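Scroll down for the structure; my scribbles are underneath it.
The values are calculated or read from the model by the stated rules, or taken from the named source; none is laboratory data. All values reported here derive from a predicted model rather than from experimental measurement. Virtual Cβ from ideal backbone geometry, glycine too; neighbours counted across all protein chains shown. Protein only, heavy atoms only, side chains kept; ligands, DNA and RNA dropped before computing areas. Shrake-Rupley method; radii C 1.70, N 1.55, O 1.52, S 1.80 Å.
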Amino acid sequence: HRINGYVPVSLVMLANISGLMIARKSFGGTVETQMFVGLLALATTVSMAMAWVNIKRLQIAQHRAWMLRCVSLLPQDYP
């Protein structure tokens, strides 16, 4: 489970960086769009960081709660 945990953390951080890079051009690049993308990147980064801290402290219940919060923030727009 530990190795599989590094994969989502890496992919979410990569997605956050990529999203911040294209926020100015996507959907017209309005200020509202840029702010929402920034807020979403910040929220998922903080959630992942809190989950990481809690798992290092062996607080499994809090780790699980923060990971669920992070996953709930991710866009779910599958066709």
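Remark: pairs (first residue in the stretch 31-49, within 15 Å of Ser72 (Cα to Cα) and of a type outside the set (S, T, N, Q); second residue open to solvent by 40 Å² or more (accessible area, probe 1.4 Å) and not in a helix (DSSP H, G or I); Cβ separation under 9 Å; 6+ apart in sequence or on different chains) = Leu40/Leu74; Leu40/Pro75. Kindly evaluate Leu73 against the criterion of being among the hydrophobic types (A, V, I, L, M, F, W, C), modelled with pLDDT of 90 or more and under 28 Å from Arg2 (Cα atoms). Considered against the rule, which asks whether it is among the hydrophobic types (A, V, I, L, M, F, W, C), modelled with pLDDT of 90 or more and under 28 Å from Arg2 (Cα atoms), Leu73 comes out as no.
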